[in-house]
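Below: the structure, in structure tokens.
FYI, it's all coordinate maths here, none of it is from the lab. These figures come from a predicted structure and were not determined experimentally. Cβ atoms come from the backbone with ideal geometry, glycine included; neighbour counts cover every protein chain shown.
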Amino acid sequence: MAEERYYATGKRKSAIARVWMKLGEGNIVINKSPIDDYLVTEIAKMIVAQPLELTNTVGRYDITVNVKGGGISGQVGAIRHGISQALLKISPEYREPLKKAGFLTRDSRIKERKKYGLRSARARFQYSKR
């Protein structure tokens, strides 16, 4: 019988992370490279592992992530959101601690569009009397 895989999508700003989880030894692979190679800072690795630590599932699942768009910070947030969504599909009882920690809320802050007649989204052209 085929092994059970759980899929979820996480988003933050303009970054989109597709996350697959299956039972395993706790390996995390991001864009076909180990987490230590893809994420250099310890803070980024800690943010990715937060949902697993909160639900006591560290080392229980192998996680494969395909992430694109945005910068490193946005991608890390998208990965955390995707892992949280996948954990929710594994067990609905994880919902309360994940929701309380704010990991299920999609961070929708994106760049505001430029308006016509303005220099950028809100900045005006400099006024000159003469």
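Listed values, structure above:
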read-out: Members of segment 77-117 found to be part of a helix (DSSP H, G or I), more than 16 Å from Asp62 (Cα to Cα) and touching a Leu at 6+ places or on another chain (Cβ under 7 Å), listed by number; value: Tyr94, Arg95, Pro97, Leu98, Ala101
read-out: Scan of segment 25-59 for residues that are acidic (Asp, Glu) and in a loop (DSSP other than H, G, I, E, B), ordered by number; value: Glu25
read-out: Residue pairs meeting the criteria (Cβ under 7 Å; at least 6 apart or on separate chains; first at negative phi, in segment 13-26; second small (Gly, Ala, Ser) and surrounded by fewer than 16 Cβ atoms within 10 Å (Cβ to Cβ)); value: Ser14/Gly69; Ala15/Gly69; Ile16/Gly69; Glu25/Gly59
read-out: Residue in segment 36-61 that is surrounded by the fewest Cβ atoms within 10 Å (Cβ to Cβ), counting only those that are closer than 16 Å to Val76 by Cα and touching a residue at least 40 places away in the same chain (Cβ under 8 Å); value: Gln50
read-out: Pairs with Cβ under 6 Å, 6+ apart, first in segment 102-117 and on the phi < 0 side of the Ramachandran plot, second part of a strand (DSSP E or B); value: Arg106/Lys11; Asp107/Arg12
read-out: Leading residue by the ranking (nearest to the chain's Cα centre (by Cα)) among those in segment 1-19 that are part of a loop (DSSP other than H, G, I, E, B) and exposed (fewer than 14 other Cβ atoms within 10 Å of the Cβ); value: Glu4
read-out: Those residues of segment 62-79 which are surrounded by fewer than 19 Cβ atoms within 10 Å (Cβ to Cβ) and in contact with a helix residue (DSSP H, G or I) (Cβ under 9 Å, 6 or more places away or on another chain), in sequence order; value: Lys68, Gly69, Ile72, Ser73
read-out: Failed condition for Lys22, given (1) in a helix (DSSP H, G or I); (2) touching an Asp or Glu at 6+ places or on another chain (Cβ under 6 Å); value: (1)
